[in-house]
């Protein structure tokens with residue numbers, strides 16, 4: 001006869017305590033459980049703490065366990081649920097795209113803070129899910145934003161996200177960096193390019209194991225794509241236009257040097273919430 005205690009349907013508080021089981025595979029076990037449980041219940045995270053004694057239904061419990069077991073096997077939460085929230089936007093993701101990270105919201109914040117007109121032309125290089133371009137588009141309805149990627153799988157996801165968010169001021173286009181953009185000029189160029197070294201041990205851990213390598217690594221100590229962008233962007237920026245690039249925590253100094261050597265002005269690096277160098281900007285001379 002089954003043990004009555006083991007068959008008992010848990011409440012929200014019981015479920016949240018299971019986050020300890022994810023400590024060995026996740027940097028944010030509590031958040032993982034909150035997001036999965038919130039999805040199962042169709043509730044936001046604050047609801048979980050407002051009603052901690054609410055019991056799950058049998059179906060909800062079964063669904064949570066299925067998702068939780070997948071997370072225990074290492075599969076990213078975003079791949080389990082099929083979406084990731086970025087800038088408060090629900091974005092569809094797949095194994096063909098980089099999973100949007102909270103740190104990248106700093107790039108959006110900085111871009112929005114730049115002294116730009118209300119009706120500029122902007123470019124998002126290597127858009128992936130479209131996260132950066134779509135976040136900017138929700139805040140700046142008059143901006144004309146082009147989002148490019150070289151991977152068809154990523155472009156399909158980005159276009160689906162654009163349509164679901166009803167953002168007509170974004171155009172998704174295939175291009176290998178600037179290859180298909182000749183004759184196009186922009187007031188703002190933003191990018192979260194690949195910047196991880198090919199032999200970085202972190203590539204064998206956590207969620208990145210499930211993400212496309214092409215969106216993660218770059219040759220020459222992780223700087224190959226950044227070098228290309230910094231060099232080529234100068235010819236695609238309007239006079240006084242801005243370039244903003246996300247990079248690794250240990251790359252701020254060299255990115256600043258690259259921008260300075262290429263003749264940009266007002267070069268500055270910003271740190272993320274962990275006080276690590278994360279985004280560097282520069283201005284095309286007027």
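The values are calculated or read from the model by the stated rules, or taken from the named source; none is laboratory data. These numbers come from a predicted model, not from an experiment. Neighbour counts are summed over all protein chains in view; Cβ atoms, including those assigned to glycine, are modelled from backbone coordinates with ideal geometry.
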For the list (1) in a helix (DSSP H, G or I); (2) within 16 Å of the chain's Cα centre (by Cα); (3) over 26 Å from residue 77 (Cβ atoms), I need the number of the one condition that residue 245 fails. (1)
Given the criterion assigned to a helix (DSSP H, G or I), under 22 Å from residue 104 (Cα atoms) and modelled with pLDDT of 95 or more, identify the matching residue among 34, 21. 34
Considering each residue of region 53-62, count those that are touching a helix residue (DSSP H, G or I) at 6+ places or on another chain (Cβ under 7 Å), loosely packed, with under 13 Cβ neighbours inside 10 Å and assigned to a helix (DSSP H, G or I), and give that number. 0
Quick one: would you say residue 166 is at pLDDT 95 or above and surrounded by fewer than 19 Cβ atoms within 10 Å (Cβ to Cβ)? yes
Apart from one, (1) touching a strand residue (DSSP E or B) at 6+ places or on another chain (Cβ under 6 Å); (2) under 19 Å from residue 100 (Cα atoms); (3) modelled with pLDDT of 95 or more all hold for residue 185; the odd one out is (2)
Conditions (1) at positive phi; (2) touching a residue at least 12 places away in the same chain (Cβ under 8 Å); number of the one not met by residue 220: (2)
